[in-house]
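The values are calculated or read from the model by the stated rules, or taken from the named source; none is laboratory data. Computed from a prediction, not measured in an experiment: that's the story for all the values here. FYI the Cβ positions are ideal-geometry reconstructions off the backbone, even for glycines, and counts take in every protein chain you see.
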Amino acid sequence: SQQGEEDPQALSIQEGENATMNCSYKTSINNLQWYRQNSGRGLVHLILIRSNEREKHSGRLRVTLDTSKKSSSLLITASRAADTASYFCATLETSYDKVIFGPGTSLSVIP
Amino acid sequence: DSGVTQTPKHLITATGQRVTLRCSPRSGDLSVYWYQQSLDQGLQFLIQYYNGEERAKGNILERFSAQQFPDLHSELNLSSLELGDSALYFCASSPRRGNEQYFGPGTRLTVT
């Protein structure tokens, strides 16, 4: 079964608005990562947050992690058309054995 | 450019055939991961190698096998191909287990 589940499955916003995507997972994790994928291309790592961290920032990205709720959120502020892509969360289980990707959120930013 | 290379970019083959996909990780990265991405199954983790040794297995079929060579490049072998094996196959590398992964551009496999 999926470890990470993103929500919503699809999101459409106007340029300049903020976009928020959520990820829920099931087991204990060592870290949680967010990736972006443009159509048909390889995934690009965006940000990694460790299990003992609660919030992390990188440019226009803000990630939060709530281990008690087993959930994370990715906020993209002041979105741009170039942010149009699929966004995936990936969790690293504490056993270090596997990195499991969720099904992704498809974000469309309308100019 | 992530620094991870994959060959070939595209592959069209017939059912029952066998193919080999190749991946060269970023310089210095010891971990290599293989993923399959299809429209109906999403991104599925197949297998991970670390410095030549298999470290984790995901949803990899028995018809599929992989290895990582002493120079750290990796190959994914797919045999007795079926129509359902048509997908994008990604390789990713990372310097250590659990760190961020750097993805290659993928190999698009079409089985006819």
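Of these, A:Ala78, A:Ala90, A:Ala82, which one is closer than 21 Å to A:Leu107 by Cα, assigned to a helix (DSSP H, G or I) and not polar (S, T, N, Q)? Going through A:Ala78, A:Ala90, A:Ala82 in turn, the sole match is A:Ala82. The residues of region A:62-111 that are out of contact with any strand residue (DSSP E or B) (no Cβ under 6 Å at 6 or more places or on another chain), free of Cβ contacts under 8 Å to residues at least 60 places away in the same chain and within 14 Å of another protein chain (Cβ to nearest Cβ) amount to a single one, A:Ser95. Every listed requirement among (1) within 28 Å of A:Ser86 (Cα to Cα); (2) outside any loop (DSSP other than H, G, I, E, B) is met by B:Gln67 save one, (1). Out of A:Gln33, A:Gln9, one residue alone is within 30 Å of B:His10 (Cα to Cα), among the polar types (S, T, N, Q) and buried (at least 20 other Cβ atoms within 10 Å of the Cβ). It is A:Gln33.
Name the single residue that is nearest to the chain's Cα centre (by Cα) among those in region B:1-19 being among the hydrophobic types (A, V, I, L, M, F, W, C) and outside any loop (DSSP other than H, G, I, E, B). Break it down stepwise before answering.
Initial filter on region B:1-19 (among the hydrophobic types (A, V, I, L, M, F, W, C)): B:4, B:11-12, B:14, B:19.
Subset that is outside any loop (DSSP other than H, G, I, E, B): B:11-12, B:19.
Values: B:Leu11: 14, B:Ile12: 16, B:Val19: 12 Å.
Only one residue tops the list, namely B:Val19.
For region B:70-106, which positions are assigned to a loop (DSSP other than H, G, I, E, B) and in contact with a Gly (Cβ under 8 Å, 6 or more places away or on another chain)? Matches in region B:70-106: B:Pro70, B:Leu72, B:Ser80, B:Leu81, B:Pro95, B:Gly104, B:Pro105, B:Gly106. For B:Thr7, the conditions (1) in contact (Cβ under 8 Å) with a residue 60 or more places away in the chain; (2) under 25 Å from A:Ile47 (Cβ atoms) all hold with the exception of (2). Within region A:14-34, the residues that satisfy the criterion of being modelled with pLDDT under 95 and more than 11 Å from the chain's Cα centre (by Cα) are A:Tyr25, A:Lys26, A:Thr27, A:Ser28, A:Ile29, A:Asn30, A:Asn31. In region B:18-35, which residues are in contact with a Gly (Cβ under 9 Å, 6 or more places away or on another chain), within 14 Å of chain A (Cβ to nearest Cβ) and not aromatic (Phe, Trp, Tyr)? Those that are in contact with a Gly (Cβ under 9 Å, 6 or more places away or on another chain), within 14 Å of chain A (Cβ to nearest Cβ) and not aromatic (Phe, Trp, Tyr): B:Cys23, B:Ser24, B:Pro25, B:Arg26, B:Asp29, B:Leu30, B:Ser31. Apart from one condition, A:Gly59 fits all of (1) closer than 28 Å to B:Gly106 by Cβ; (2) in contact (Cβ under 8 Å) with a residue 60 or more places away in the chain; the exception is (2).
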